[in-house]
Amino acid sequence: MEYQRISEIMGLDAQDQKVGVRGWVRTFRANRFIALNDGSTQSNLQCVVDFEQMDESILKKINTGTALALEGKLVPSQGKGQSLEIQVESLEVLGESDPESYPIQPKKHSLEFLREKAHLRVRTATFSAIMRIRSVLSFAVHEFFQTKGFVYVNTPIITGSDAEGAGEMFRVSNLDPKNPPLDDDGNIDYKQDFFGKETHLTVSGQLEAETFAMGLGNVYTFGPTFRAENSNTTRHLAEFWMIEPEMAFYQLEDNMDLAEEFIRYVLKKVLDNCSEDLQILDKRLADEDKTKPQNERSPMGLIEKISFVVNNTFKRVSYTEAIDILRQSKPNKKKKFQFPIDAWGADLQSEHERYLVEKHFECPVILYDYPAEIKAFYMRMNPDGKTVRAMDILFPGIGEIVGGSQREERLEVLQERMQAMDVDPEELWWYLDLRRFGSAPHSGFGLGFERLVLFATGMSNIRDVIPFPRTPQNASF
Ligand code: 4AD
Ligand code: MG
C-alpha cells in the first residue's frame with residue numbers, strides 16, 4: 001500500500017478510491033470515529049471503523065496518542081465538520097499509547113503545562129500550527145534574500161570577540177573546572193585552554209558577516225546566537241536564532257527600506273500559505289483575550305494584525321523626537337513608567353517602546369539616530385558627535401524586533417570609539433583591517449527570529465515559539 005499525507009488526501013475528490021494513511025490519534029469517539037493527524041496539516045482526517053467487524057483487542061488499543069497505519073475507501077462524509085472521510089478496511093497499530101499516562105489529552109491544556117511536556121506539545125493543534133508557521137517563515141527568509149542575490153554565510157558559533165560589547169556571553173572551555181591551570185597572577189590561564197585563549201558562544205554573527213559583505217557585497221546569516229543575560233522575560237531566550245543581513249554601500253535609509261521590505265515579505269508569505277494554522281491561532285488569541293481586562297486586550301485579531309503590518313509603512317522617528325513624545329506622555333507625567341524618562345540620553349525600556357508603538361503611533365516604528373553612549377561601538381557616528389546611525393524596529397506586543405545600523409567605516413573614528421567603549425583592538429585586528437583595505441560605507445541589521453514568530457503567531461511567551469527553549473534555570477530536552 002502506498003501511503004499519502006493527510007494534506008494530500010484532503011485535496012482529493014472522494015470517489016470510493018482506496019487510500020492509505022499513517023498518523024496519531026487525536027480522539028476516538030463512540031468506538032467508531034478516529035480523528036487522525038499526521039502533522040502535514042491542521043486538519044484531522046476522520047477515519048470510520050466498523051467496530052462490529054474489528055477485533056476487540058485492536059479496538060482497545062486505539063487511544064489518544066496511538067500511532068496507526070490504516071487503509072480504506074475515501075468517501076464523502078455524512079457528518080458535519082469534514083467533507084470527506086475514510087471507511088477503514090484494515091488497520092494496524094504501530095505504537096500504543098497508554099490513555100492513563102499520556103499527558104496530551106483531548107482537552108485544553110495550559111501553555112505552562114505544555115512547556116513541561118515540550119517533547120509532546122507539537123502533537124497539539126496550537127503547537128503544530130506554530131511550528132509550521134515557523135518553518136514557512138524560515139523558508140521565506142532564505143527566499144527573500146536569495147531572490148535578491150544575497151549570499152548566505154555561516155558565521156562561527158565559537159568566537160573570541162563580544163560583538164555587542166555587552167559581556168553577556170557563555171564561555172566555551174574544556175579546562176578541568178575543578179582544577180584549572182592558573183597563571184602567575186592566580187587567574188585562570190586560558191592560554192592552556194582548547195583554543196589557546198578565552199572563547200565564548202557568539203552573541204551575533206555581524207562582525208564576521210561584515211568581512212564577507214566587503215567582498216561579496218550583500219550577504220546574510222541565519223543562525224543560532226547565545227546570550228547569558230539573566231532576563232527572565234517573555235521576550236528573551238538564552239539561545240535564539242538571528243537573521244543578519246549586511247550590505248556594502250548601503251546608508252542607514254537603504255538599511256531601513258530593506259528591513260521594512262523584508263518583514264513585509266515574510267509576513268505576507270505566512271498570510272498566503274498558512275491560513276488554516278492562522279485561523280487556529282487567531283481563535284486562540286481571541287479566546288485568551290476574553291480572559292483579560294478590557295484595556296489589555298489586543299485591538300486587532302491576529303490575521304488583521306499581520307495584514308496591517310503587510311499593508312502599511314512603518315513610522316520613522318528619530319530618538320530625539322521619541323524622547324520628546326515620551327517625556328510629554330501621560331504615563332510619564334503620572335509616573336506610571338517603571339523607568340521614568342526625564343532627560344535626553346535615557347535608554348529606552350520595553351515599556352517605552354511599547355508605548356510608542358501601541359499607544360502613540362499605533363503602528364510599527366523605526367527609531368533612528370540613538371545616543372552613541374547606549375549603542376554598540378561599531379555604529380557610525382553622526383556629524384553631531386553625539387548620536388550614531390542606529391535603527392531599531394519596534395513592533396506592537398513585542399517591542400524591539402530588529403536592531404541595526406550603518407557601520408563606522410572610518411578607521412580613526414572606529415578606533416576612538418573602541419577605546420572609549422573599552423573594546424580590545426587586538427582581538428578585533430581583522431575587523432579594523434576592513435577599514436584599512438578598501439573601506440566603504442555599509443549597513444546591516446539583526447532580526448530576532450523568535451520575536452518575528454511571536455508576532456506571526458500571536459503567542460505571548462517566546463518559550464512557546466521555539467521547539468526547546470533555553471532560559472535561566474532551564475535547559476531540559
Ligand atoms: O539589537 P541586537 O543586540 O543587535 C545585534 O546583535 C546586531 N549585531 C545586529 C546587526 O546589526 N547585525 O539584537 C538583534 C535582535 C533584537 O532586535 C531582537 O529581536 C533579538 O535580536 N534579540 C533577542 N531575541 C530573543 N532573545 C534575546 N535574548 C535577544 N536578544 C536580542
Ligand atoms: Mg538591540
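Total residues in region 425-453 satisfying the condition of being more than 16 Å from ligand 2 (Cβ to nearest atom) and either among the hydrophobic types (A, V, I, L, M, F, W, C) or out of contact with any strand residue (DSSP E or B) (no Cβ under 9 Å at 6 or more places or on another chain) (or both): the figure is 17. Can you say whether ALA163 is surrounded by 18 or more Cβ atoms within 10 Å (Cβ to Cβ), at pLDDT below 95 and either within 14 Å of ligand 1 (Cβ to nearest atom) or not charged (D, E, K, R) (or both), as far as the supplied structure shows? For ALA163, the condition - surrounded by 18 or more Cβ atoms within 10 Å (Cβ to Cβ), at pLDDT below 95 and either within 14 Å of ligand 1 (Cβ to nearest atom) or not charged (D, E, K, R) (or both) - is met.
Select from region 382-424 the residues that are small (Gly, Ala, Ser) and away from ligand 2 (no atom under 15 Å from the Cβ) and write down the one among them that is modelled with the lowest pLDDT.
GLY397
A residue that is more than 15 Å from ligand 1 (Cβ to nearest atom), within 23 Å of GLU409 (Cβ to Cβ) and part of a loop (DSSP other than H, G, I, E, B) cannot be found anywhere in region 150-157. Does region 407-416 include one or more residues that are part of a loop (DSSP other than H, G, I, E, B) and more than 14 Å from ligand 1 (Cβ to nearest atom)? So far as region 407-416 goes, yes, one or more of its residues are part of a loop (DSSP other than H, G, I, E, B) and more than 14 Å from ligand 1 (Cβ to nearest atom).
This table checks each residue for (1) open to solvent by 60 Å² or more (accessible area, probe 1.4 Å); (2) in contact (Cβ under 8 Å) with a residue 60 or more places away in the chain; (3) farther than 29 Å from GLN4 by Cβ.
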| position | (1), (2), (3) |
| --- | --- |
| GLN82 | no, no, no |
| GLN87 | yes, no, no |
| SER101 | yes, no, yes |
| LYS107 | yes, no, yes |
| ARG115 | no, yes, yes |
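Being farther than 21 Å from LEU432 by Cα, more than 16 Å from ligand 2 (Cβ to nearest atom) and in contact with a Phe, Trp or Tyr (Cβ under 9 Å, 6 or more places away or on another chain) narrows it down to one residue among PHE226, PHE195, PHE150, PHE240; which is it? Of the residues listed, the single one that is farther than 21 Å from LEU432 by Cα, more than 16 Å from ligand 2 (Cβ to nearest atom) and in contact with a Phe, Trp or Tyr (Cβ under 9 Å, 6 or more places away or on another chain) is PHE150. In summary, strands (runs of 3 or more DSSP E) completely within region 169-263 and bearing 2 or more residues that are open to solvent by 50 Å² or more (accessible area, probe 1.4 Å) occur at 239-248. Residues in region 264-301 that are among the polar types (S, T, N, Q) and open to solvent by 80 Å² or more (accessible area, probe 1.4 Å): ASN273, GLN279, THR291, GLN294, ASN295.
The values are calculated or read from the model by the stated rules, or taken from the named source; none is laboratory data. All of these numbers come straight from a predicted model, not from anything done at the bench. Every residue, glycine as well, gets a Cβ built from its backbone with ideal geometry; the counts of neighbours run over all protein chains shown. Note: areas computed on protein heavy atoms with side chains; ligands, DNA, RNA excluded. Shrake-Rupley method; radii C 1.70, N 1.55, O 1.52, S 1.80 Å.
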